[in-house]
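A short worksheet on the structure shown next.
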Amino acid sequence: MPRLLIAYASLAGATAEVAREIAEELSRAGFTAEVRAVADVDRLDGYAGVVLGGPMILGWHRAALGFLRRHRAALQKLPLAVFVLAMRLTQPADTMVGGLPVLVDEHLPTPPAVPGRLSLKERYAQLGNYVRPILAAVRPAKPAALALFGGRMEYGRLPWWAVIFAMAVIQAPAGDRRNRPVIRAWAASLPAAMRLAPAPHAEAHALAG
Ligand SMILES: Cc1cc2nc3c(=O)[nH]c(=O)nc-3n(C[C@H](O)[C@H](O)[C@H](O)COP(=O)(O)O)c2cc1C
């Protein structure tokens, strides 16, 4: 069966859980989906494609960006899909970034308080600011799929510095904003977006069912 790597960086566990859900969906589609923390991945040999997830934590999680930079050469030849978890997003006028469409969970964005005049916080939480560093880290290759999902904020799970930053800058209320149907639908769309063929017997199953 074609092997896919579902790699994640996570501070408080929400992204790791999403990675496991995506892997479940891909297994159901006939792939061997291996879930690993980015720190546990040395090489990408033997994988037919990579799905990488990370939360916004003072920019995209450093370990996720580091993964892209470390494996940049290998990722020029492997199909890559990227997902981002976030608690704040300023309503984008356009969900294309650098010529690529970004799937944005429609429940996440909030319109600016004063249309046409963004506050500092609203400017910070723009889609382009979140996604451009990801595109830069893998250039000249481009992800085959990119998604921004709502995340989870649980102050009790965070180190003190993260609580201070999240309260002062992100001002995200506690709660779980992960939208399972959107995440699973995106996962189910990945084989086509990444041009991956499942194992022959999975196709046979699908045809038989
Ligand atoms: C220190 C810190 C910084 C964060 N920065 C942002 C941010 O810039 N934009 C945003 O939308 N969410 C931000 N968040 C919210 C996280 O992206 C969200 O809670 C995510 O689901 C965390 O995933 P994890 O549980 O895998 O670490 C931040 C959270 C923390 C704790």
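The values are calculated or read from the model by the stated rules, or taken from the named source; none is laboratory data. Computed from a predicted structure; not experimentally measured. Neighbour counts are summed over all protein chains in view; Cβ atoms, including those assigned to glycine, are modelled from backbone coordinates with ideal geometry. When the accessible area is computed, the model is the full protein with side chains, heavy atoms only, and any ligands, DNA or RNA have been set aside. Shrake-Rupley method; radii C 1.70, N 1.55, O 1.52, S 1.80 Å.
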- Query: Tell me, which residue of the stretch 146-161 that is hydrophobic (A, V, I, L, M, F, W, C) and within 21 Å of residue 90 (Cα to Cα) is farthest from the ligand (Cβ to nearest atom)?
  - Reply: 146
- Query: For residues in the stretch 56-86 being crowded, with 20+ Cβ neighbours inside 10 Å and more than 14 Å from the ligand (Cβ to nearest atom), which is nearest to the chain's Cα centre (by Cα)?
  - Reply: 82
- All but one of (1) crowded, with 20+ Cβ neighbours inside 10 Å; (2) in contact with a helix residue (DSSP H, G or I) (Cβ under 7 Å, 6 or more places away or on another chain); (3) in a helix (DSSP H, G or I) hold for residue 147; which doesn't? (3)
- Task: Specify which of the listed residues (90, 110) is open to solvent by 60 Å² or more (accessible area, probe 1.4 Å), within 13 Å of the ligand (Cβ to nearest atom) and either among the β-branched types (Val, Ile, Thr) or without any contact (Cβ under 8 Å) to a residue 40 or more places away in the chain (or both).
- Result: 110
- Scope the stretch 150-190; condition touching a Phe, Trp or Tyr at 6+ places or on another chain (Cβ under 9 Å), assigned to a loop (DSSP other than H, G, I, E, B) and under 16 Å from residue 84 (Cα atoms); matching residues: 177, 178, 179
- Message: For the stretch 1-40: of the residues being away from the ligand (no atom under 16 Å from the Cβ) and aliphatic (A, V, I, L, M), which is farthest from residue 177 (Cα to Cα)?
- Response: 1
